[in-house]
Amino acid sequence: MSGKLDQSLDEIMKDTKPTRGRGGRTRVQRTASGKTTTVAPVGGVAKKTKTPRGPKVATAPAVRPPMTGESKIIVNGLPEDVNEAQIKDYFSKTIGFVKRAMLTYGPNGRSRGIATIVFSNPGSASKAAQELNGVKVDNRAMKIEVIVDAKSVPAPPAPKTLGDRIS
C-alpha cells in the first residue's frame, strides 16, 4: 500500500486494469455442470424479467348507479354581504335540507359572491338549478351550476365502426 503513495497518479492509473462501465468489474463463476455464469458485483441489482401480458379483456360498460347520497351546486352572483347561515336557511326553505354551505372569499377577506352548497337529497341540486337559476338578488341574477360526481355520469356510447359510418 505504501508503494502506491510514492507513485504519481499517472503511474497508478497505468498499472490498474480498466473496469467495465459504471458497475465495476464483473465476475464469472463456474457451476457444477461446467457452465459459466456472470455474477453481479456485490451490492449489484438482480435483473428481473417481465411476465408477458395477455390480451386485454373488454370490460362491461359502466352502469349508472341508483341516485343515492348527496348532490352539490355552485351558486354565482350572490351579494358580498350574504353569509353562509343565510344561504343555508334560504336554500333549506326553498329546495330541501342543506348539508353544507361554503362561501368563497378573496385574498382581502371579502366574499366573492360564490357559494358551494351540498344537499343531502340527490335530486335537490337539479331542482335548485331548475327553480332558482336566473333569480335576481339585489338586481343580479344568480347562476346555478350542478356539480356531478364521476360515478353518476353514464358511460359514453361505444364508437361506431368504419363500416357503420360509410353511407
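Looking at Arg100, Arg165, just one residue is among the basic types (Lys, Arg), at pLDDT 90 or above and either out of contact with any Leu (no Cβ under 9 Å at 6 or more places or on another chain) or at negative phi (or both), and that residue is Arg100. Taken over the range 69-94, the residue count meeting the criterion of being open to solvent by 20 Å² or more (accessible area, probe 1.4 Å) and of a type in the set (A, V, I, L, M, F, W, C) is 3. Residues that are farther than 14 Å from Glu80 by Cα, assigned to a strand (DSSP E or B) and open to solvent by 50 Å² or more (accessible area, probe 1.4 Å) occur in the range 97-120; there is at least one.
Of all the numbered requirements in (1) at pLDDT 90 or above; (2) closer than 30 Å to Pro157 by Cβ, Ala62 misses one, and that requirement is (1). Which pairs have Cβ atoms under 7 Å, sit 6 or more apart or on different chains, and link a residue in the range 69-96 that is under 22 Å from Ser126 (Cβ atoms) to one that is acidic (Asp, Glu) and surrounded by fewer than 16 Cβ atoms within 10 Å (Cβ to Cβ)? So the pair list comes out as Ile73/Glu145; Ile74/Glu145.
Of Val137, Val146, which residue is touching a residue at least 24 places away in the same chain (Cβ under 8 Å), under 27 Å from the mean Cα position of the chain (by Cα) and open to solvent by less than 90 Å² (accessible area, probe 1.4 Å)? Full working, then the answer.
On the way: Val137 fails: under 27 Å from the mean Cα position of the chain (by Cα).
Within the list Val137, Val146, the selection yields Val146.
The values are calculated or read from the model by the stated rules, or taken from the named source; none is laboratory data. Bear in mind that the values here come from a model prediction, so they are computed numbers and not experimental data. Note that we place each Cβ from the backbone using ideal geometry, even for glycine, and neighbour counts take in every protein chain shown. These accessible areas exclude ligands, DNA and RNA; they are computed on the full protein's heavy atoms, side chains included. Shrake-Rupley method; radii C 1.70, N 1.55, O 1.52, S 1.80 Å.
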